[in-house]
2 protein chains.
Amino acid sequence: MNTRQHNCKEELQETELRATPARIAAMRYFEQTDKPADVQMLKTYLHKQKIKADSATVFRIVNTFTQKGLTKQIQLNENKFRYELADKIDHHHFICDNCGTIEDISDCNIEAIEKEINQKKGLLIKRHRLEFFGLCKSCQR
Amino acid sequence: MNTRQHNCKEELQETELRATPARIAAMRYFEQTDKPADVQMLKTYLHKQKIKADSATVFRIVNTFTQKGLTKQIQLNENKFRYELADKIDHHHFICDNCGTIEDISDCNIEAIEKEINQKKGLLIKRHRLEFFGLCKSCQR
DNA sequence: TTATAGATGCAAGCGTATTGCATGTAGTAT
DNA sequence: ATACTACATGCAATACGCTTGCATCTATAA
Ligand SMILES: [Mn+2]
Ligand SMILES: [Mn+2]
Ligand SMILES: [Zn+2]
Ligand SMILES: [Zn+2]
């Protein structure tokens, strides 16, 4: 058992979730990448790790993780959800129209905008979602 | 034929789309509200207008409208798409966690953020999506 | 009025996501 | 180490959003 896996197991136990092979591997997947994964991607990864999890199980895993606050569910203009670790600092995504690559975007000062909206309209803003679309560096050539 | 309907018909003809009853009524729907509609809502509205359009037809209508630039497709963290008029000035949405009401949000200075991202990361940003979630004025009580 | 490109209805089908139930297993008590 | 039990999983059925093929219908223009 490597360190990373050990960390994953601990993290699961802290949330009162049983550390099953599929869940441990799923956690490891999320910790190894900054690309939000959909259920199919996660299932494929598990399969490569010799863990044959049913799609229903993978859906249950991401729903449970999200409900426990381990991951968060995001939407990138597709008819499916993606998931990524929730413990990252608040950030957004850039998606390339051409190659589909996803890049994290941090340090957007949305709080200022939210404060302004609250003052103008009286809305209590708790969360936001912001995505950018366009061409990545290599696809601009 | 009232003025509004007449406008809708003209708008359709300008885009080389045939002005069928379902399309005219759909245009009228979009012009009468600022709440983004999903296919089911649109279908229900048409039905109330004595126009019984099949779901497939409504899906085709919103796809065609969007393709012709009359409407735009948006996603509000649901596993379905919504549609609204495209000719409004660029704006975003606030969705109440409690009652689901949707409010338009304008005058967000995202361009400044986009310019900063372009300079820092070299990404060419063409569009963005921004939604806020929280509690509307009446649900805060 | 007729001809025809295009729109619709219907049914089949696809992909994502959920759920009920029987079985399997992680965590715990013995 | 063993047995127990609550929880997790596999499997199949199901729901739902959305698309598509094809026959039929119709808005538009000749
Ligand atoms: Mn990310
Ligand atoms: Mn709007
Ligand atoms: Zn690219
Ligand atoms: Zn509300």
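All of the numbers you see were taken from the coordinates with simple rules; none came from a lab. On a predicted model such as this, the values are computed, not experimentally measured, just so you know. Note that each Cβ is placed from the backbone with ideal geometry, even for glycine, and that neighbours are counted across all protein chains shown.
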- Query: Hey, got a sec? Which GluC sites (Glu not before Pro) in the range B:11-56 land in a DSSP loop and have at most 10 other Cβ atoms within 10 Å?
  - Reply: B:E16
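With a/c under 1.5 counting as rounded, go ahead and sort the range A:8-85 into rounded, prolate or oblate using the C-alpha gyration tensor (a ≥ b ≥ c being the square roots of the eigenvalues; past the cut-off, prolate if a/b is larger than b/c, else oblate).
Cα axes put the range A:8-85 in the oblate bin.
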- Cross-link reach from A:K88 to lysines, straight Cα distance under 18 Å and at least 8 residues apart if same chain, gives A:K35, A:K68, A:K72, A:K126
- Task: Please work out, to two decimal places, the log10 of the ratio I(q)/I(0) at q = 0.24, 0.30, 0.33 Å⁻¹ from a Debye calculation in which every Cα of the range A:92-140 carries one identical scatterer.
- Result: -0.83, -1.07, -1.19
- Query: Once a ≥ b ≥ c are taken as the square roots of the eigenvalues of the Cα gyration tensor of the range B:2-141, is the result rounded (a/c under 1.5), prolate (a/b larger than b/c) or oblate (a/b not larger than b/c)?
  - Reply: oblate
- Task: For n ≥ 4 DSSP H runs only, could you compute -39500 (n - 2.57) per run for the protein assembly as shown, divide by its residues and tell me the 222 nm figure to the nearest 500?
- Result: -13000 deg cm²/dmol
